[in-house]
1. Could you tell me the relative contact order of the chain? Use alpha-carbon pairs under 8 Å, at least six residues apart, and round to a whole percent.
2. Once label points are set 7 Å from the Cα along Cα→Cβ at both N122 and T33, what is their separation, rounded to one decimal in nm?
3. What FRET efficiency would be calculated for the residue pair A81, A106, taking the C-beta separation as r and a Förster radius of 30 Å, to the nearest 0.05?
4. Kirkwood hydrodynamic radius for the range 78-121: how many Å is it when counted over pairs of different Cα atoms?
5. Considering all projection directions equally, how large on average is the shadow of the alpha-carbon convex hull of the chain, in square nanometres?
6. Counting only C-alpha contacts under 8 Å and six or more residues apart, can you give the relative contact order of the range 14-74 as a whole percent?
7. Quick one: which of 102-112, 17-27 comes out on top by average Cβ neighbours within 10 Å, and what's the full order, highest first?
8. With charges only on Cβ, +1 for K and R and -1 for D and E, what is the dipole size of the chain about its Cα centre, in debye, rounded to 20?
Amino acid sequence: MQDPSGPARRAAGALEAEVLGVLWSADGALTPTGVQAVLSRELAYNTVHTILTRLHDKGLVVRVPLGSRTGYAPAKDAAQAAADRMREALGSSRERDAVLARFVTALSPDDEAALRAALDANRQP
C-alpha cells in the first residue's frame, strides 16, 4: 500500500548535492543518462537534466563535448567547493572573529593539526 502523503521529498539542494557527488566520484564527464544511472532509475531523465542545467547556470558544472552528446563535469573539485561554502558562510556574518573563534575551538585534534599545517604551509617567507 502506498503512503497517502506521497513520496518523501528531498531537502532543498539535496538532489543538486547528490548530482555533484556523482560527478566528483566519476572518472570523467558524464551525460545526464550516465548521472541518472548512478543515482537511480526512478529519477526521470528530465529531472536529472534540469538539475544539471541549474548547476551549470550556477557555475558549479561545465559542459563538455562527449562525441555527439553533451557531458557535464564539476567546475571545481569537492574540496574547493566546500572551501567556497565556508568562505561564503564566514562572509555573511557580522561577527567574523567570533565565528572563526567558535569554529576553531570546535575542531577535533586531527582537524586542528591539519589547519595548523595548512596555515604553516601558506605562510609567506
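Read-outs: derived from the displayed coordinates by stated rules, not from any lab. What you see is a predicted model, and the numbers here were worked out from it, not measured in a lab. Neighbour counts are summed over all protein chains in view; Cβ atoms, including those assigned to glycine, are modelled from backbone coordinates with ideal geometry.
1. Values: 82 pairs, mean separation 22.9, N = 125.
Relative contact order for the chain comes out at 18 percent.
2. 4.3
3. Details: r = 21 Å, r/R0 = 0.71.
That pair, A81 with A106, gives E of 0.90.
4. Values: mean 1/r = 0.0873 Å⁻¹.
Every distinct Cα pair counted, the radius reaches 11.4 Å.
5. Details: hull surface 51.4 nm².
Mean orientational projected area (the chain, Cα hull): 12.8 nm².
6. Numbers: 69 pairs, mean separation 23.8, N = 61.
So the answer I get is 39 percent.
7. Working: 102-112: 10.3, 17-27: 16.5.
My ranking of the peptides, most packed first, is 17-27, 102-112.
8. Details: 15 positive and 15 negative charges, 79 e Å.
Computed charge dipole of the chain: roughly 380 debye.
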